[in-house]
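The next block holds one structure in the form of C-alpha cells; read it before the comments.
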Amino acid sequence: MTSLPTPAPAPTTESPKPSAAPPAKGDGRGFRGARLLSDGIPQIFLLAWALLVILPMLWVLLSSLKTNAEIYRSPFALPQTWQFATYVDAWQTANIGRFFLNTVIVVVLGVFFTLLLSSMAAYVLARYAFPGSRFIYYLFLVGMTFPLFLAIVPLTKVTQNLGLQQSLPGLIIVYVAFSLPFSVFFLTAFFQSLPGELAESAFIDGAGHFRTFFQIMLPLAKPGLISIGVFNFLGQWNQYLLPLVLNTPKDNERSNFLLTQGLADLAQRTRYESSATSLAEMFAGLVIAMIPVLVVYIVFQRKVEEGLTAGALK
C-alpha cells in the first residue's frame with residue numbers, strides 16, 4: 001500500500017514583523033540647558049562683582065578730574081574740563097607726596113623684615129625637631145586669632161615706654177610683629193613640602209646651616225615668599241588703625257603721617273572746601289593710593305597663584 005505524498009505547506013502572505021526600532025537619541029537640549037545654567041550663574045555673579053568693583057573706581061577717577069561744583073551738580077557725568085592739575089595740587093599742596101613716601105618706606109621695610117624673620121623661623125620649625133618647637137608653632141597660631149583691638153591699649157603703653165610713638169621705625173616694628181604669625185604659619189607648611197634631600201646633600205658637601213638656608217632652601221621657597229609678600233604688602237599698605245593710634249601728628253604739617261592717615265585728614269578738611277577743587281584733590285589722593293596696590297596685584301598675580309598651587313601640590 002503506497003502512502004500519499006505529503007502536501008507542501010502553503011506560502012504565507014503575512015508580512016514579516018518589523019524589528020524593534022532603536023531608541024531615539026536625545027537632542028542634548030536638556031544637557032546643554034543644565035550646563036548653560038551651571039556655567040551661567042557663576043558668570044553672572046562674577047560679572048556683578050566686577051561691576052561693583054570697577055564702577056566705584058571709575059567714579060573716583062572721574063571725580064578726581066572735576067571741580068567741586070561739577071561733583072555736586074553732575075556726579076556721574078564726564079568732566080566738562082579735565083582738571084589734571086588736581087593731581088599736582090594733591091601731591092604738593094595737600095602733602096600727598098610726603099604721605100606716599102612715608103608709606104613706601106614703612107611698607108617696604110616692613111615686608112622685607114617680615115619675610116626675612118618669618119622665613120627663618122618657619123624653616124627652623126619645619127626642619128628641626130627640638131623641645132618646645134610645637135609650642136612655639138602653636139603660639140604663632142594663637143597670634144593669628146588675637147584681635148587687634150584688644151592689643152591697642154597695651155601696645156600704646158609699650159611704644160610710649162620704648163619711645164617708638166610718632167615715628168616710622170616704631171610702625172615698622174609693629175607691622176612686622178603683627179604680620180609674623182600668618183607668615184610663619186604659611187611658610188612652615190611650604191618648607192615642609194620642600195625635599196629634604198637637598199639640604200642633606202648640602203650638609204654632606206660641607207655647607208653650614210646658614211649657607212644651606214640662604215643659598216639652597218630659600219630660593220626653593222621663592223613662590224611661597226612672593227605669595228606671602230603680596231599678602232603682607234596689601235595688608236600693610238591699607239592699614240589704618242595702627243597708624244591712627246601709634247602715629248599721632250607731631251607737627252602742624254603732619255609730616256609723619258602715612259597715606260591712609262593723610263587721606264582721612266584730607267577728607268575732613270575738604271568739608272570746608274578750602275579751594276574750588278578740594279574734593280577733587282581728595283579723590284586724586286585716593287587714585288594715587290590705589291595705583292601701587294593695582295600694580296603689585298597685576299605684576300605678581302600669576303606668581304601668587306603658582307605659589308599657592310605649588311604649596312598645595314608638593
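The values are calculated or read from the model by the stated rules, or taken from the named source; none is laboratory data. Keep in mind that this is a model prediction, so the values were computed, not measured. As a convention, Cβ positions derive from the backbone with ideal geometry for all residues, glycine included, and neighbour counts pool all protein chains shown. The accessibility values were calculated without ligands, DNA or RNA, using every heavy atom of the protein model including side chains. Shrake-Rupley method; radii C 1.70, N 1.55, O 1.52, S 1.80 Å.
Across the range 49-55, rounded Karplus estimates of 3J(HN,Hα) from the backbone phi angles (6.51 cos²θ - 1.76 cosθ + 1.60, θ = phi - 60°) give 5, 5, 5, 5, 8, 6, 4 Hz, Gly and Pro being marked x. 3J(HN,Hα) couplings calculated from phi for the range 137-142 with the Karplus curve 6.51 cos²θ - 1.76 cosθ + 1.60 (θ = phi - 60°) are, in sequence order, 4, 5, 5, 5, 5, 5 Hz; Gly and Pro show x.
The calculated FRET efficiency for the pair A276 and W59, based on their C-beta separation and a Förster distance of 25 Å, comes to about 0.80.
Rounded to the nearest 0.05, the FRET efficiency derived from the C-beta distance between F112 and F45 at R0 = 45 Å is 0.75. Accessible surface comparison of M57, M282, probe 1.4 Å, protein chains only, largest first: the order is M57, M282.
Summarising the label geometry, the points placed 7 Å from Cα in the beta-carbon direction at A69 and D205 lie 7.3 nm from one another.
Each part gets one Cα centre, and for the range 240-293 versus the range 214-235 those centres are 31 Å apart.
By the gyration tensor of its Cα atoms, with a ≥ b ≥ c the square roots of the eigenvalues, what is the shape of the range 57-170: rounded for a/c under 1.5, prolate for a/b over b/c, or oblate? Could you put the intermediate results ahead of the total?
Details: a/c = 2.92, a/b = 2.49, b/c = 1.17.
Prolate, because a/c is 1.5 or more and a/b exceeds b/c.
Sparsely packed loop sites in the range 119-176 (the chymotrypsin sites (Phe, Trp or Tyr not before Pro) outside DSSP H, G, I, E and B with at most 13 other Cβ atoms within 10 Å) comprise Y128. If the segment from D251 to N161 were pulled out straight at 0.36 nm per residue, it would be longer than the present Cα-Cα gap by 30.3 nm. Computed log10 I(q)/I(0) for the range 98-249 at 0.18 Å⁻¹: -1.07, from the Debye equation with unit scatterers placed on every C-alpha and solvent omitted. The calculated FRET efficiency for V293 paired with F135, based on their beta-carbon distance and R0 = 30 Å, is about 0.25.
For the range 185-195, backbone phi angles converted through the Karplus equation (6.51, -1.76, 1.60; θ = phi - 60°) give residue-by-residue couplings of 4, 5, 6, 4, 5, 6, 5, 5, 7, 7, x Hz, Gly and Pro being listed as x. Would you pull out the residues with amide H under 5 Å of K66's amide H, same chain only if 5 or more places away, H placed 1.01 Å from N? Here Q83 satisfy the definition. Overall dimensions of the range 177-223, expressed as equivalent-ellipsoid semi-axes from the Cα gyration tensor (√(5λ), whole Å, largest first), are 23, 11, 8.
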